[in-house]
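Taking it in order: structure first as structure tokens, then the write-up.
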Amino acid sequence: MDDKIKKSVTEKFKEGVSVQELEKFARKYTTETFIIISVIIATISSTFHFFNGAGWSIVLGGIGAILSIALPAQIHQIEKLYFSFVTKQEQTAQIAIGIVQIVIALFIPFVIFAQLGMLSGLSFHHFSRQPKTVEEKERKKSKTENEEEHI
């Protein structure tokens, strides 16, 4: 099955993407599309010092990551509120929010990097805890299997 998906992706790259396919993707993933565009614009804006340099972006990205690792429950709640608010909006409201994000990315890109830092900190916190929970589940599973064998 993975080979089939890989082949379709490589064939798609060779054929190209039509405008209709791009529009369909953008309609389906409006929020994600605007986040991608805002990150690209924030990166360019920071790199070439359009309005602010990369220094503030790096600093606030790091602060966001530190806050997320130190206060994961609170930051998770804030991010969940934000993303649930955005995704529950109508298409036109999502587009308006996306345009505001793009403007913020252009003029004050460190805000976008602070949010990325918070998301990366949450991801780090989640995945650093995950192996322990997976190991515990495997131990419990093997323990119950051993108990069932003895019964």
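Bear in mind these aren't lab numbers, they're just calculated from the coordinates by the rules spelled out. Because the structure is predicted, anything quoted here is derived from the model rather than measured. Here the Cβ positions follow ideal geometry from the backbone for every residue, glycine too, while neighbour counts run over all protein chains shown.
Say each of Lys80 and Ile95 gets a label point 7 Å from the Cα, pointing the same way as Cα to Cβ; how far apart are those two points in nm?
Going from the Lys80 label point to the Ile95 one covers 3.2 nm.
Over the Cα atoms of the stretch 21-69, what radius of gyration and what Dmax do you get, in Å?
Computed over the Cα atoms of the stretch 21-69, radius of gyration and Dmax are 14.2, 39 Å.
If a/c stays under 1.5 just call it rounded; otherwise compare a/b with b/c (prolate if a/b is bigger, oblate if not). Do that for the stretch 58-104, with a ≥ b ≥ c from the square roots of the Cα gyration tensor eigenvalues. Present the calculation step by step, with values, prior to reporting the outcome.
Working: a/c = 6.13, a/b = 1.64, b/c = 3.74.
Here the stretch 58-104 falls in the oblate category.
Order the peptides 112-118, 20-26 from the highest to the lowest mean number of other Cβ atoms within 10 Å of their residues.
Values: 112-118: 23.0, 20-26: 11.1.
Per-residue mean Cβ counts within 10 Å order the peptides as 112-118, 20-26.
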